[in-house]
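The values are calculated or read from the model by the stated rules, or taken from the named source; none is laboratory data. None of the values given here were measured: they were computed from a predicted structure. When we count neighbours, we look across all protein chains shown, and the Cβ atoms used for this are built from the backbone with ideal geometry, even at glycine. All accessible areas refer to the heavy atoms of the entire protein, side chains included, with ligands and DNA or RNA removed. Shrake-Rupley method; radii C 1.70, N 1.55, O 1.52, S 1.80 Å.
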Amino acid sequence: MKLLKKIFAAALAVITAAGTVCTALAYSPDSSSRDADVLYTLGLIQGSESGYELARTPTRAEAAILTLRLTGLEGKKAAKTHPFTDVPAWADNYISLAYSEGIINGVSGREMNFSAAASEKDFAAMLLRALGYSEGSGDYSWAGAPAFAERMGICKALQGEGFTRADMFAMARSALSARLKG
């Protein structure tokens, strides 16, 4: 029975990964709601009473929390380890986990800019860090994070102006099948 469960789990993982790879390769700007639907189905986003709000600019907090969810660490408890003074109490655990895992950096030693708009550079850098790449080891620079993420198959150059939640969801969905460093 245990062997059957292991085989079933492995088959399910392969089917899920294959579907993710195929749909990530088929990305087009019109697929943004499909990207959000996939992330919602996987329990990685929740949406709101306004739906997915695909045209809205995400905040740095939303980008950090989505990246943390992609790593599977969301439910883990952490002592407050971040140095930021602008993080609300409800988000302390999320930001502590993301900070201790090296996923996020602040805009200064004491500020994360929690509610500020996230940029494509911000989110690409967070995803790359979650995948094991780092600025410190010379893999990429923060300014060059989108170009490096594009080479890794995580995103395509933005077609419109501004970074939206649709862009963030497309990148997150592609990151699910991206290659880990090493």
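A few comments on the model shown:
- Kirkwood radius and radius of gyration were both taken over the C-alpha atoms of region 68-126, and their ratio Rg/Rh is 0.93.
- Within the assembled protein chains, the solvent-accessible surface assigned to Ser119 is about 40 Å², based on a 1.4 Å probe.
- Other residues whose C-beta falls under 15 angstrom from the C-beta of Leu39 contribute a net charge of -2, scoring Lys and Arg +1 and Asp and Glu -1.
- Given Lys76/Lys181; Lys156/Lys181; Lys76/Lys121, the pairs whose alpha carbons are separated by over 25 Å: Lys76/Lys121
- Taking amide H atoms as placed 1.01 Å from N in the peptide plane, the amide H of Thr59 lies under 5 Å from those of Ala118, each 5 or more residues away in sequence or on another chain.
- Phi angles of region 36-42 translate, via the Karplus equation with coefficients 6.51, -1.76, 1.60 and θ = phi - 60°, into HN-Hα couplings of 5, 4, 5, 5, 5, 4, 7 Hz per residue; Gly and Pro are given as x.
- Spin-label pair Lys80-Tyr40: with each label point 7 Å from Cα along the Cα-Cβ axis, the two points sit 3.5 nm from one another.
- Extension gain for Val107 to Thr57 (0.36 nm times residue separation, less C-alpha to C-alpha distance): 16.2 nm.
- The Cα atoms of region 107-182 cover 32, 31, 18 Å along the three principal axes, with the biggest extent listed first.
- Rounded if a/c under 1.5, otherwise prolate or oblate - region 49-173, Cα gyration tensor axes: oblate
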